[in-house]
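The values are calculated or read from the model by the stated rules, or taken from the named source; none is laboratory data. Quantities reported herein were computed from a predicted structural model and do not represent experimental measurements. We place every Cβ from the backbone using ideal geometry, glycine too, and count neighbours over all the protein chains shown. With ligands, DNA and RNA removed, areas are computed over all heavy atoms of the protein, side chains included. Shrake-Rupley method; radii C 1.70, N 1.55, O 1.52, S 1.80 Å.
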Amino acid sequence: MLDLATTKVHDEQRQGESFAPFKEDPNAYNKLFYIESYGCQMNFADSEVVAAILNKEGFGATRKVEEADLIFINTCSIREKAEQTVRKRLTDFKKLKTARPGTLIGVLGCMAERLKSKFLEEEKLVDIVVGPDAYRSLPRLVDEANEGQKSVNVLLSREETYADIAPVRLNSNGISAFVSIMRGCNNMCSFCVVPFTRGRERSRDAESIVQECRDLFENGYKEVTLLGQNVDSYHYIPKDGNESDAVSFAKLLEKVALIAPELRVRFSTSHPKDITDEVLHTMAAYENICKCIHLPVQSGSTRILQLMNRTYTREWYIKKVDRIREILPDCSITSDIIAGFCTEEEQDHQDTLSVMDYSRYDLSYMFFYSERPGTLAQRRYKDDVPLELKKQRLQEIIEKQNQLSLENYKKDIGRTFKVLIDGDSKRSAANWVGRNSQNKVVVFPKNGAHKKGDYVMVQINDCTQATLFGTII
Ligand code: 5AD
Ligand code: SF4
């Protein structure tokens, strides 16, 4: 439980947070669907593709699960706790179904892929099971389930990118949107279930990405986050083109940045082995490419990194950090860290703490290792660090991160940042909340002259370890 409870609330890992969209007027449809998403940003983006597919078939979205004809849960398998949360939600939904027998319940995403028809056969909790590459078949599966058939499609694809589907934005603030640029992962980090649940890596048509971002900008959006498990290996060759026509991630970033200077561009996630100088120079060349890199280290120990199959060493990682600081002196770096991976000793743990010190992360997502069925680590290594020790090390990592964040945020006091206004601050409608290029949250009093989606210059006068406070100048 600790891993989730202590994970900083941030878009990247919205484990357990749910949302229910209400995009269209429900009266315009005679059937309603409700969708709840867990896990990474990619899952949230996928739910928007699912919403588009269902909308086209005449289903409207509802925020009220009790009135839905179709209930979907888009699931995450990354840690055991995420799966437990989903199971609990499914039992809640099952109760609703007893009250409204016609309701269909569907499991989407990574857990659907991992457990396949086990959900239908053994657990009898659900009617429809659909993996991340099979969302186009949802309308057919819904029809089949309505006829009482078992509806499962967990086929993974080498091509599917949903490039032609314009996502229906769910629970969006109308300012920031996620845009999926690739799917799957070829990396095979030994702890990770993603390559098994999301399949092989494939890049989406570059033009369709640029078009989606342009449409968003024309509809008032001011920020896009390009999403992939490993964005630096984005590589798209246009149809009938050859290698010389290939679009790299750096080129894609540039194309999106050129849409408009007022459109901010972010991206996630970067792999330390793949991030290139070309990407860093492209970031430096465009003011609207935000200066923030999510560069998960996972561990600071070369021995553990090898067992994790991360394919870089501690020294390689440190060099990447140096390179970022050299080319982008004002860039924020964030990380993912796992405590207590198989065979981890105290010295390995100390190496993690010291790489954190070196990298001076502004934020980290911190977890203790959770063995996942079918992964390389599960097959090859013993999960031999006792839970108590994992939790203790995680706690030390969290404390280190809290201290680093506070130090970093304090350094911003007195500085002035360009901030994109996201909306009212949660605490008080007298204040705006927005983010600077480094993705730090900034809270400041309204002065009556601005609206959501505007850029303002804010001078920082105070902070906590997760928020900057200031005034518009
Ligand atoms: N146990 C703990 N954390 C994990 N992650 C991925 N797999 C596991 C696991 N089995 C973490 C990694 C990854 C992030 C998305 O989740 O840090 O970068
Ligand atoms: Fe998992 Fe590694 Fe791929 Fe990230 S890069 S999704 S951690 S296999």
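Accessible area of ASP69 (1.4 Å probe, protein heavy atoms only, ligands and nucleic acids ignored): about 40 Å². Residue pairs exceeding 20 angstrom between C-alpha atoms, taken from LYS319/LYS410; LYS222/LYS440; LYS291/LYS320; LYS222/LYS418; LYS291/LYS451; LYS94/LYS124: LYS319/LYS410; LYS291/LYS451. When you restrict to C-alpha pairs under 8 Å that are six or more residues apart and normalise by the size of segment 320-411, the relative contact order lands at 37 percent. In terms of the mean number of neighbouring beta-carbon atoms within 10 Å, the peptides 265-271, 140-146, 379-385 order highest first as 265-271, 140-146, 379-385. Amide H to amide H distances under 5 Å link ILE35 with THR62, PHE72, where only residues 5 or more positions off or on other chains count and H is placed in the peptide plane. Under a model in which nothing but the beta-carbon of Lys, Arg (+1) and Asp, Glu (-1) is charged, the chain shows a dipole of about 720 debye around its Cα centre. Positive-end ranking of GLN41, PRO329, GLN403 along the dipole of the chain, with charges on Cβ about the Cα centre, is headed by GLN403.
Across the chain, Cα pairs under 8 Å and at least six residues apart give a relative contact order of 10 percent.
Assuming a ≥ b ≥ c are the square roots of the Cα gyration tensor eigenvalues, decide whether segment 229-281 counts as rounded (a/c under 1.5), prolate (otherwise, with a/b larger than b/c) or oblate.
Values: a/c = 2.03, a/b = 1.14, b/c = 1.78.
Oblate.
Packing, as the average of other Cβ atoms within 10 Å across residues, places the peptides 105-111, 214-220, 131-137 in the order 105-111, 131-137, 214-220, highest first. For segment 176-410, the dipole from Cβ point charges (+1 on Lys and Arg, -1 on Asp and Glu) about the Cα centre works out to 460 debye, to the nearest 20.
Taken one residue at a time, the phi angles of segment 34-46 give Karplus couplings (6.51, -1.76, 1.60, θ = phi - 60°) of 10, 9, 10, 10, 10, x, 7, 4, 4, 5, 5, 5, 5 Hz. Gly and Pro are set to x. Amide hydrogen proximity for HIS271: with H placed 1.01 Å from N in the peptide plane, the residues at 5 or more positions away or on another chain lying under 5 Å are VAL231, ASP232. Taking amide H as placed 1.01 Å from N in the peptide plane, LYS291 has its amide H under 5 Å from the amide H of GLN438, each at least 5 places away in sequence or on another chain.
Using the 1.4 Å probe convention, the accessible area of the chain works out to 41 Å² per residue with neighbouring protein chains retained.
Grab the other residues whose beta carbon is less than 10 angstrom from that of PRO238, score K and R as +1, D and E as -1, and report the net. Could you put the intermediate results ahead of the total?
Details: positive: LYS239; negative: ASP205, GLU207, ASP240, ASP245.
Charge balance near PRO238 sits at -3.
Where a ≥ b ≥ c are the square roots of the eigenvalues of the C-alpha gyration tensor, would you call segment 416-472 rounded, which needs a/c under 1.5, or, failing that, prolate if a/b is larger than b/c, or oblate? Rounded, since a/c falls under 1.5. For segment 267-332, what does the alpha-carbon gyration tensor say about shape, rounded, prolate or oblate, given a ≥ b ≥ c as the root eigenvalues, a/c under 1.5 as rounded, and a/b over b/c as prolate? Prolate, since a/c reaches 1.5 and a/b exceeds b/c.
In the assembled protein chains, VAL441 presents an accessible area of approximately 50 Å² (probe radius 1.4 Å). Using just its DSSP H runs of length 4 or more, each adding -39500 (n - 2.57), the chain gives a mean residue ellipticity at 222 nm of -10000 deg cm²/dmol after division by all residues. Rolling a 1.4 angstrom probe over the chain with all protein chains present gives an accessible area of which 50% lies on carbon and sulfur atoms.
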